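Report on the following structure.
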Amino acid sequence: MIPWEKIDTARIPGTDDELRLMRRGKEFSIKLGSNELMNSRLSGSEEALATLAAKKIEKVASPRVLIGGLGMGFTLRAALAVFGAKAQIVQAELVPAVVAWARGPMLDIFGDSLADPRVNIREGDVAEIIRSHRGAFDAILLDVDNGPEGLTRKANDALYDSTGLNATRAALRPGGVLAVWSSGPNAAFAKRLRSARFDVNEVNIRATGKGRGVRHIIWIATKS
């Protein structure tokens, strides 16, 4: 068995917590304490975040898309594949080191996705982008923290409370879609989505995308 090697660490802004980038052969893992936040072998649910959202706005010729959370870039690469040649994609990432990892040790995973002319990388809080861009996006994809019940940063909860959801609704164009990734179900969050006047569909997705692995949840919430 090849041992895990620690490649780098990065402090999460606004906290004393630290992310660790680990590598074992060609496999990468990003961890927080004893929790594995993501693994390069498990991409199915993150990719589905983009593909399910794209189906909801497939009639939009030039969609403008906001992705919150870069991670290992699975959602971004799927978005580039499914939203079309005329899409504009704003990729927000709170931790600058995660962007540096994408351009450094994880370059083989990311390929040229960050350099795609459709992509605008924004290092900062996706919540601030949402609040300052009213009626700007056809789709907002959130893979931030561990979903509505976060692990990494208490401030992330503001994305998923009633005020945050109302701000997200305001940032969407008519018929726009909010897609939210979560490590597990959350009935209270689903209720808040409906209270914020979204039409909501809750989808169970396997982590591998191939009928195996743990189940994750994706909420597809359409602005009516």
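Surface listing: 75, 222, 51 arranged by accessible area from highest to lowest gives 51, 222, 75, probe 1.4 Å.
Residue 96 sits among other residues whose Cβ lies under 13 Å from its own Cβ, and their net charge, with Lys and Arg +1 and Asp and Glu -1, is -1. A Gaussian network model of the chain, with springs between Cα atoms under 10 Å, assigns the largest mean-square fluctuation among 25, 147, 68 to 25.
Full extension of the chain between residue 85 and residue 18 gives 20.4 nm of extra length, using 0.36 nm per residue less the Cα-Cα distance. Answer rounded, prolate or oblate for the stretch 44-136, using the Cα gyration tensor with square roots of eigenvalues a ≥ b ≥ c: rounded when a/c is under 1.5, else prolate when a/b is larger than b/c, else oblate. Taking the square roots of the gyration eigenvalues as a ≥ b ≥ c, the stretch 44-136 is oblate. Shown for the stretch 1-109: lysine pairs separated by 8 or more places, or found on different chains, whose C-alpha atoms are under 23 Å apart, numbering 5. Could you tell me the distance between the Cα centroids of the stretch 1-31 and the stretch 154-185, to the nearest Å? Distance between centres, Cα-based: 28 Å. Residue 28 contributes about 10 Å² of solvent-accessible surface, heavy atoms of the protein only, 1.4 Å probe. For the stretch 1-110, the share of DSSP beta bridges that are antiparallel, to the nearest 5, is 75%. Just to be sure I understand, if you calculate Cα extents along the principal axes in Å for this structure, which of (i) 75, 63, 37; (ii) 51, 37, 36; (iii) 50, 41, 33 do you get? Structure-derived value, by its label: (ii). A probe of 1.4 angstrom, applied to the heavy atoms of all protein chains, finds residue 224 with accessible area near 90 square angstrom.
The values are calculated or read from the model by the stated rules, or taken from the named source; none is laboratory data. In this text, all values refer to a predicted model and were calculated from it rather than measured experimentally. In this analysis, Cβ positions are derived from the backbone assuming ideal geometry, glycine residues included, and neighbour counts consider all displayed protein chains. Note: areas computed on protein heavy atoms with side chains; ligands, DNA, RNA excluded. Shrake-Rupley method; radii C 1.70, N 1.55, O 1.52, S 1.80 Å.
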